[in-house]
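The values are calculated or read from the model by the stated rules, or taken from the named source; none is laboratory data. Not measured: the values here are computed from a predicted model. Don't worry about glycine lacking a Cβ; one is built from the backbone with ideal geometry, like all the others, and counts go over all protein chains shown.
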């Protein structure tokens, strides 16, 4: 961990040195700083893999937090850390991470609400899923957002809403075979209701 922190510290000092010497850094300087940050991040990623393979999950989660601190808007880093926190049974921290990501990235990332919604879906808290995901439909999210929202509606007996979401998903992803099967199932449930 010490080597990783030293590497991160050197990259930070390089960036601060550039910022303090020049009001507007030159392009070669910015390229050099970007290369330093990239090398530091790759080093942290390799170290994370080593610790993961040794089963040192607390250290992995620490390093994932550092990597996320450097790039807070990185969806993959958020979900990696969330997965690790779930593996360590630190569910409150996992949820807090997802909520913070959604709140800071809702306008930038159409999938920002998905990790939090999936957290609730996995715990069968179906009523909490649609309010998180409905606003994202305008942003064209990943098909899994449509899936868990439609299934959440279906689990609550809200078949009209489930049908609407499956139809919207199939409009965007017409070749989704499982989506077609799910839509047919919901239509059969609606027909039985009538």
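Might you check whether a residue that is touching a helix residue (DSSP H, G or I) at 6+ places or on another chain (Cβ under 9 Å) and over 26 Å from residue 81 (Cβ atoms) occurs anywhere in the stretch 97-117?
no
Assigned to a helix (DSSP H, G or I), touching a helix residue (DSSP H, G or I) at 6+ places or on another chain (Cβ under 6 Å) and either at pLDDT 90 or above or assigned by TED's automatic domain parsing to the domain that holds residue 114 (or both) - does that describe any residue in the stretch 39-48?
Initial filter on the stretch 39-48 (assigned to a helix (DSSP H, G or I)): 39-48.
Filter again for touching a helix residue (DSSP H, G or I) at 6+ places or on another chain (Cβ under 6 Å), leaving 40, 43-44, 47-48.
Now drop any that are not either at pLDDT 90 or above or assigned by TED's automatic domain parsing to the domain that holds residue 114 (or both), which leaves 43, 47.
Checked against the condition, which is being assigned to a helix (DSSP H, G or I), touching a helix residue (DSSP H, G or I) at 6+ places or on another chain (Cβ under 6 Å) and either at pLDDT 90 or above or assigned by TED's automatic domain parsing to the domain that holds residue 114 (or both), the stretch 39-48 yields at least one hit.
Only one residue in 67, 59, 77, 72 is without any contact (Cβ under 8 Å) to a residue 60 or more places away in the chain, under 12 Å from the mean Cα position of the chain (by Cα) and surrounded by 16 or more Cβ atoms within 10 Å (Cβ to Cβ), so which one is that?
Details: 67 fails: under 12 Å from the mean Cα position of the chain (by Cα); 59 fails: under 12 Å from the mean Cα position of the chain (by Cα); 72 fails: surrounded by 16 or more Cβ atoms within 10 Å (Cβ to Cβ).
Unique residue meeting the criteria: 77.
Could you list, in sequence order, the residues of the stretch 178-194 that are closer than 12 Å to residue 146 by Cβ and more than 24 Å from the chain's Cα centre (by Cα)?
Hits for the stretch 178-194 are 182, 183.
Name, by its number, the condition in (1) part of a helix (DSSP H, G or I); (2) more than 15 Å from the chain's Cα centre (by Cα) that does not hold for residue 101.
Residue 101 satisfies every listed condition except (2).
I'd like to check which helices (runs of 4 or more DSSP H) are fully inside the stretch 126-177 and have at least 2 residues that are exposed (fewer than 15 other Cβ atoms within 10 Å of the Cβ) and more than 23 Å from the chain's Cα centre (by Cα). Outline the logic, then answer.
Working: elements: 129-133, 143-155, 159-172.
Those helices (runs of 4 or more DSSP H) span 159-172.
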